[in-house]
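Notes to accompany the following structure.
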């Protein structure tokens, strides 16, 4: 974003509006090509003077490239399609690991309780600690990334994630296991919290929603794949075996990072000639190259303040409140599912594993629908507003998804209390997960569009909201259902989601005014 703004926000006449649009286009060489009061100019025609103003357009000849790429071949925006998507896959795979490992513990609760002579609910405290650190660690990740750079933070955090994953597989006792789980949660969240930074660095505005959809599908699907595999393994093997598989997956992630992940941070405010030396591969991985050029980025104090200042922006705070109130139940259900379905349906580990196929399919369907839905909503608005786009348009997808979320939660409670067939329960769970997949992408895109220079910070706070909400719910999900019945407890959860739609309506109606009132972030770097 930029601190240069038009002097008036009143509704102009058509001639004046055309002039303001031309001003925005002529200023498109600015860092983010964005105006608090103007939104984005996404599409231009020959009459807009795009060629005359030196704007770079996409291959279609009318989509403005935002941000405008430099002429430097080292600019991530200029990298090949193959390189960009290979890095996106690596980041997505590393983002897949934390929730996969976290939810693997959900299936191991009962055999662990037997081995350590305690209750599954008590063993679940290790699960809750892990979930909380998935959020807290993300804030640290973006602070360090703003100071050191992207690549070395991922590299070093993944090393410690791999080591603690091995510790989880062979802890010795519950206290050691809990310590390992907490530390693993802190380090494993590195790409889950900071994934938006890589997407923002490599892809243009008109591409970002689709890439967020890919990245988010790995995150939302991972807590269901973990228990799915773990359930089949614990049917005949010791509960530690799934954690050894998790360790192997971390090793694979580390190999992919070593081989293919690149430093994507690029400062567009300085000329090509002034860009710091990339250094060799090893120096970029360990951070030596980035350390030499740290004077060109944020100071450590600035990096810390970035995270605070972003949360002080009203639309980010409201988005996080909404996400915590709606996604928390996904974590709560996932971490306690075995406790519900084992006595209700007489499931063993294998049957619990089969049950997890439903959310995996739901996420896949959500990714497929979202691949065209988010762009379709944006393009419809752009066409009807002469190439103009406002970030609040992204929230329309949330309004479409929330009724599915609410219905899913209500019916899950009915299924558990009325002892409906497990296939009905499975479908209802899938409805909820499908809706949250659509919501996750829409909300992430909205925050990124609103504050593109704070891609890491908004990603970390949304991740924090999701995990802290789940951390809280996982402590009382079972006891609440036992005390009031699942029909009432899940009905209240659905009511909370319904009431939370008010946050979205506030953002859609007043979000732009709040962004103008709050002003730009004015960060030293993106």
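The values are calculated or read from the model by the stated rules, or taken from the named source; none is laboratory data. Bear in mind the structure is a predicted one, so any value in this text is a computation, not a measurement. All Cβ positions, glycine included, derive from the backbone under ideal geometry; neighbour counts span all protein chains shown.
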Check: Would a scan of region 352-363 turn up a residue that is in the same structural domain as residue 230 (by TED's automatic domain parsing), modelled with pLDDT under 90 and farther than 18 Å from residue 426 by Cα?
Finding: no
Go through the residues of region 22-33 one by one and say whether even a single one is closer than 29 Å to residue 275 by Cα, modelled with pLDDT of 85 or more and part of a loop (DSSP other than H, G, I, E, B). no
Considering residues that are more than 23 Å from the chain's Cα centre (by Cα) and part of a helix (DSSP H, G or I), the number found within region 259-277 is 4
- Query: Are any of the residues in region 484-499 over 25 Å from the mean Cα position of the chain (by Cα), surrounded by fewer than 18 Cβ atoms within 10 Å (Cβ to Cβ) and without any contact (Cβ under 8 Å) to a residue 24 or more places away in the chain?
  - Reply: yes
Note on region 292-310: residues assigned to a helix (DSSP H, G or I) and surrounded by fewer than 19 Cβ atoms within 10 Å (Cβ to Cβ) are 292, 294, 295, 296, 300, 301, 302, 304, 305, 308, 309
* To do: Inspect all residues belonging to region 403-417 and state whether any of them is touching a helix residue (DSSP H, G or I) at 6+ places or on another chain (Cβ under 6 Å), farther than 22 Å from residue 358 by Cβ and touching a residue at least 60 places away in the same chain (Cβ under 8 Å).
  => no
Out of curiosity, is residue 268 crowded, with 16+ Cβ neighbours inside 10 Å, closer than 27 Å to residue 76 by Cα and at pLDDT below 90? yes
Note on residue 417: of the conditions (1) at pLDDT below 90; (2) closer than 28 Å to residue 181 by Cβ, unmet is (2)
When every residue in region 224-258 that is touching a helix residue (DSSP H, G or I) at 6+ places or on another chain (Cβ under 9 Å) and in a loop (DSSP other than H, G, I, E, B) is compared, the one farthest from residue 285 (Cα to Cα) is 238
The residue that is surrounded by the fewest Cβ atoms within 10 Å (Cβ to Cβ), considering only those in region 349-364 that are more than 13 Å from residue 227 (Cα to Cα) and in contact with a helix residue (DSSP H, G or I) (Cβ under 7 Å, 6 or more places away or on another chain), is 361
Among 398, 360, 393, the single one that is in a helix (DSSP H, G or I) and more than 18 Å from the chain's Cα centre (by Cα) is 393
Heads up, the helices (runs of 4 or more DSSP H) in region 413-526 (entirely inside) with at least 2 residues that are farther than 26 Å from residue 218 by Cα and assigned by TED's automatic domain parsing to the domain that holds residue 306 are 455-484, 486-518
